[in-house]
Structure formats: C-alpha cells, structure tokens
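The values are calculated or read from the model by the stated rules, or taken from the named source; none is laboratory data. Since the structure is predicted, the reported quantities are computational estimates derived from the model, not experimental observations. Quick reminder, even Gly has a Cβ in these numbers, built from the backbone with ideal geometry, and neighbours come from all protein chains shown.
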Amino acid sequence: MRYVLMIFLFALCYSNCFAKTIRVGKNQSYKSITSAIAVSTVGDTVLVDAGLYFEKNLVINKRIVLKGIDHPVLDGEKKYEIISIKADAVVVDGFKIIHSGVSSIVDIAGIKIYNRRDVVIQNNILDDTFFGIYLQNVKNCFIKNNQISAHNSEEQQSGNGIHCWKSDSLQIIANTISGHRDGIYFEFVTHSVIWRNVSFKNIRYGLHFMFSSDDAYISNSFENNGSGVSVMYSHGVKMFNNYFKENWGDAAYGILLKEISDSYIEGNFFEKNTSGIYMEGASRIHMQKNTFKNNGWGMKIQASCMDIQALLGCLCAFLE
C-alpha cells in the first residue's frame with residue numbers, strides 16, 4: 001500500500017511540475033479557446049484574455065483550469081451548449097457566458113457537467129442561457145459566486161438557473177439567480193448544501209426540491225418568486241436561517257412542504273408571503289425560532305400532516 005501511495009504522489013508531483021499556462025487572445029499565440037484546449041495536457045491552465053469569443057460548443061475533456069481575465073465573453077449564438085465538461089476536476093473561473101441554444105428535447109445549458117466529480121464553477125456571469133449551470137450525475141462539485149440571469153416570462157421558454165440531477169455532495173454557495181423557471185433545482189440529490197444564495201424573480205420556484213434527502217439549505221434569500229420554495233417527497237432536510245419574502249399569489253407561499261419527513265425548520269424569516277409555510281403530508285418536522293411578519297397566513301397545516309405536537313409548539317410561540 002505504501003508503494004502504491006508513493007507512486008501516486010510522484011505522479012501528482014510530476015504532473016504539477018510540468019503543468020503550463022497557455023494564453024488565448026487576439027495578441028496571443030492562440031486566438032481561439034478551442035485550439036488552446038486541444039494542445040493542453042492534464043494540469044494545464046488555459047488563460048483567456050478579455051474579448052468576444054464564438055467557440056460554438058466548447059468541450060473540456062481533460063483536467064485543466066479554464067480561467068478568464070476580465071470576464072471574456074463566450075457567445076453561444078442562440079444555437080449551442082456553450083461549455084460541456086466531460087472530465088474530472090475541471091475548473092471554470094471568470095467568464096461571461098451568453099445566448100445558449102434552446103431545446104425542448106435536450107437540456108442545453110450555459111455550462112453542463114456530464115457524469116463527473118470534483119469540478120469547480122466559480123465567478124462566472126451567465127445571461128440569456130436556457131439552463132444556466134447543469135449538473136448531471138456528478139459528485140463533490142463546487143458552484144460558487146456565479147451570477148445567473150434569464151429574461152423569459154413563461155416556464156416553457158426557460159430552464160432552471162442551477163439544475164442538479166442524481167448527484168451527491170454538492171456545494172452551491174453565494175450564487176445570484178433570477179429570471180429562470182426555478183432558481184435552484186434538486187432532483188435525486190443527496191448530502192449537499194445550498195448556502196448564502198440569492199434567488200429572486202424566478203418564474204416558478206426560488207428553490208425546488210424533489211426526491212432529495214439529507215441536504216441542507218442555510219442563509220439563503222428567496223424573494224418575489226412565482227410560487228416561493230417547494231420541498232417535496234424528501235426527508236432529512238435542514239432549513240436554517242433562510243429569508244422568504246414577497247411570494248404572493250393564489251398558489252404562492254414562502255415554503256411548501258409536501259410529503260416530507262424528519263426535517264428541521266429553524267431560525268427562518270417569513271415576510272409578506274400569501275402563506276409563510278404551507279404543509280401537506282408532512283411528518284416529524286421540527287420547527288423553532290422562526291419569525292413571521294405580515295403574511296396572509298403564518299402557517300397552513302393540512303390534516304394529512306402527522307406529529308402535529310411539534311408544529312403546534314411553534315405556532316403557539318408565534319401567536320404569543
């Protein structure tokens with residue numbers, strides 16, 4: 001075992017020692033990002049000067065760092081998925097990504113990660129993309145400090161800002177998302193955290209959970225979304241210190257809990273929602289230290305909910 005570890009460490013050191021930086025720009029040896037990626041090897045950094053680039057579908061199929069200087073613009077011309085990541089441990093940092101294609105059959109994204117792990121997407125601006133950042137069957141990926149916006153008025157015209165499917169151990173941190181169908185979407189996602197994000201003015205939900213368990217969302221702001229936040233068919237969800245504001249409408253709420261169990265709602269703030277919390281088929285939900293202000297209803301609890309004692313304790317504290 002020691003011998004195998006020594007070989008691994010030697011290989012890692014060898015790779016890092018011989019990694020190089022490849023410059024891209026109108027005054028550099030490489031004029032296109034595609035050509036620079038083609039000559040890169042594992043561990044290299046492709047450093048892109050500011051400017052406008054039409055790269056069609058940019059495929060990253062080796063472990064490299066793709067870094068922009070002053071947010072170079074990648075334009076998908078309303079035809080293409082702009083960046084497709086098909087290698088582990090890729091970093092994409094500091095780009096402006098605009099005008100992806102739109103498809104009702106294929107989930108085209110500004111940045112899409114395919115069946116990989118340890119990918120970092122940070123400090124990017126995505127505007128007018130169908131899906132913003134799409135994580136498909138990934139593990140231990142890090143999505144931080146991205147600005148993601150779209151401008152459609154109907155759900156059918158827009159995908160989700162950050163879309164996560166069948167994934168584990170994700171960190172979604174300090175992103176700002178607006179104008180999409182759902183700001184953040186989790187389906188079959190486990191052991192992940194959503195922390196310090198701002199999700200506002202999305203067409204449907206600021207955050208949408210489906211069949212996702214043992215996750216946490218902490219210190220996020222969900223404001224003025226079409227229907228608020230929805231957590232459905234999940235268990236072991238921890239919801240701490242979030243802000244739910246101005247989610248108004250006949251079918252709107254700060255948060256909808258539907259068929260969820262063994263979860264925690266603590267230290268959250270609900271202001272100016274049609275219903276602060278709406279529960280249907282929820283059981284064993286632990287609630288405390290939540291604040292309700294100027295909502296239509298503080299909480300609406302359907303008869304299908306179980307273990308109501310903990311809920312009544314929270315409600316009584318609110319009524320006092």
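Data table
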quantity: Sole exception among (1) assigned to a strand (DSSP E or B); (2) more than 22 Å from D215 (Cβ to Cβ) for H71, by number; calculated: (1)
quantity: Residues being over 21 Å from R23 (Cβ atoms) and free of Cβ contacts under 8 Å to residues at least 40 places away in the same chain - total across segment 59-77; calculated: 1
quantity: Conditions (1) surrounded by 13 or more Cβ atoms within 10 Å (Cβ to Cβ); (2) of a type outside the set (D, E); (3) modelled with pLDDT under 90; number of the one not met by Q309; calculated: (1)
quantity: Criterion violated by R284 - all others in (1) touching a residue at least 12 places away in the same chain (Cβ under 8 Å); (2) not in a strand (DSSP E or B) satisfied; calculated: (2)
quantity: Filter result for A109 (without any contact (Cβ under 8 Å) to a residue 40 or more places away in the chain and either more than 20 Å from I184 (Cα to Cα) or crowded, with 18+ Cβ neighbours inside 10 Å (or both)); calculated: no
quantity: Whichever residue in segment 132-152 is over 15 Å from L74 (Cα atoms) and hydrophobic (A, V, I, L, M, F, W, C) and, among such residues, is surrounded by the most Cβ atoms within 10 Å (Cβ to Cβ); calculated: L135
quantity: Candidate set from segment 165-189 (those that are within 25 Å of W248 (Cα to Cα) and of a type in the set (F, W, Y)); member that is surrounded by the most Cβ atoms within 10 Å (Cβ to Cβ); calculated: F186
quantity: Matching residues, segment 190-217, being closer than 16 Å to V119 by Cα and either among the hydroxyl-bearing types (S, T, Y) or buried (at least 18 other Cβ atoms within 10 Å of the Cβ) (or both); calculated: S192
quantity: Boolean, S40 is at pLDDT 95 or above and either in contact with a helix residue (DSSP H, G or I) (Cβ under 8 Å, 6 or more places away or on another chain) or more than 22 Å from K144 (Cα to Cα) (or both); calculated: yes
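Residue by residue, here is whether (1) in contact with a His (Cβ under 7 Å, 6 or more places away or on another chain); (2) under 22 Å from M287 (Cα atoms) holds:
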position: H151; (1), (2): no, no
position: E187; (1), (2): no, no
position: N202; (1), (2): yes, no
position: S213; (1), (2): yes, yes
